[in-house]
Amino acid sequence: MPPPKITHGLSYSEFQALARTTPEKRIDYVAVLACAGLTPSELHGIVGRDYDHFQKDLRVGGRSARTIPVHPVVARILLKRATTIRPGEPLFPRWHNIQRQLPALCERARVPPITAKDLQVSFLRWLAEARVPEGIARELVGRGSSRLVVEVYRSASNRDLRAAISRLPIQ
């Protein structure tokens, strides 16, 4: 089996453009995938009791079960959704055609086409750009040792190197 294709995700400004063109019905999905670093299957598995609104922690199930703190933007979305569903129901019902619709949304936003998984890569990219240690990033996305995290962090380092060269006073 070939190794997974590693993308560089979206920059934050590209993500903002995508968010502006995403229909209201789907914006919460896109925001939580990108701003909490979740996979689509993790997102679809979240039920109301998984979110601790006092601690602002989210219990994520699946292969890499973990409890993570969430950004205030994600906390607001989770609280809003948790108060509008019946106990035990998923906060994010399945978005069956996400793999088809997301590239179309990207095209409309004039950003590089991505998959739902690439939103997690975007989250990792933002962490790397914020100089969050790689080990912390692994914990947040539930990947103890992952080629994905290493590749994203390596590409961030390469961007840093290119940026350093561009600041040289050589003419």
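Taking a ≥ b ≥ c as the square roots of the Cα gyration tensor eigenvalues, with a/c under 1.5 meaning rounded and otherwise prolate when a/b beats b/c, else oblate, which class fits region 97-164?
Judged from the Cα gyration tensor, region 97-164 comes out oblate (a/c at least 1.5, b/c at or above a/b).
Amide H to amide H, which residues 5 or more places from Phe92 or on other chains are under 5 Å from it, using H placed in the peptide plane?
The list, which skips near neighbours in sequence, is Ile46.
Which order do Phe54, Phe123 take when ranked by solvent-accessible area (1.4 Å probe, heavy atoms of all protein chains), largest first?
Solvent-accessible surface, decreasing: Phe54, Phe123.
Using amide H atoms built 1.01 Å from N in the peptide plane, name the residues 5+ places from Val60, or on other chains, whose amide H lies under 5 Å from its own.
Long-range HN contacts for Val60: Arg66, Thr67, Ile68.
Quick one: if you stick a label point 7 Å off each Cα along the C-beta vector at Arg167 and Ser146, how many nm between them?
Going by the 7 Å Cα→Cβ label model, 2.9 nm.
Can you give the net charge of the other residues whose Cβ lies under 13 Å from the Cβ of Glu107, counting K and R as +1 and D and E as -1?
+2
Taking the Cβ of Asp57 as the centre, find all other residues whose Cβ is under 14 Å away and add up their charges (Lys, Arg: +1; Asp, Glu: -1).
+1
Can you tell me the accessible area per residue over the chain, all protein chains present, probe 1.4 angstrom, in square angstrom?
Details: 10090 Å² over 171 residues.
Per-residue accessible area for the chain comes out at 59 Å².
Once a ≥ b ≥ c are taken as the square roots of the eigenvalues of the Cα gyration tensor of region 19-156, is the result rounded (a/c under 1.5), prolate (a/b larger than b/c) or oblate (a/b not larger than b/c)?
oblate
How much length, in nm to one decimal, is gained on full extension between Thr84 and Arg49, taken as 0.36 nm per residue of separation minus their Cα-Cα distance? Show your work: numbers first, answer last.
Values: separation 35, 0.36 × 35 = 12.60 nm, distance 1.30 nm.
In short, 11.3 nm is gained.
For the chain, give the percent of accessible area contributed by carbon and sulfur heavy atoms, probe 1.4 Å, rounded to a whole number.
56
With charges set only on the Cβ (+1 for Lys and Arg, -1 for Asp and Glu), what does the dipole of the chain come to about its Cα centre, in debye to the nearest 20?
Working: 27 positive and 15 negative charges, 40 e Å.
Dipole size: approximately 200 debye.
Which value in deg cm²/dmol, rounded to the nearest 500, describes the helix-derived mean residue ellipticity at 222 nm for the chain, given -39,500 (n - 2.57) per DSSP H run of n ≥ 4 and division by the residue count?
Rounded to the nearest 500, it is -16500 deg cm²/dmol.
Per residue of region 73-83, what does 6.51 cos²θ - 1.76 cosθ + 1.60 with θ = phi - 60° give for ³J(HN,Hα)? Whole Hz please, x for Gly and Pro, Karplus curve as stated.
Going residue by residue, I get 4, 5, 4, 4, 5, 4, 5, 4, 5, 5, 8 Hz, with x marking Gly and Pro.
The values are calculated or read from the model by the stated rules, or taken from the named source; none is laboratory data. Predicted model, so just to flag it, every value in this text is computed and none were measured. Don't worry about glycine lacking a Cβ; one is built from the backbone with ideal geometry, like all the others, and counts go over all protein chains shown. For the accessible areas, the whole protein counts, side chains as well, though only heavy atoms, and no ligand, DNA or RNA atoms are used. Shrake-Rupley method; radii C 1.70, N 1.55, O 1.52, S 1.80 Å.
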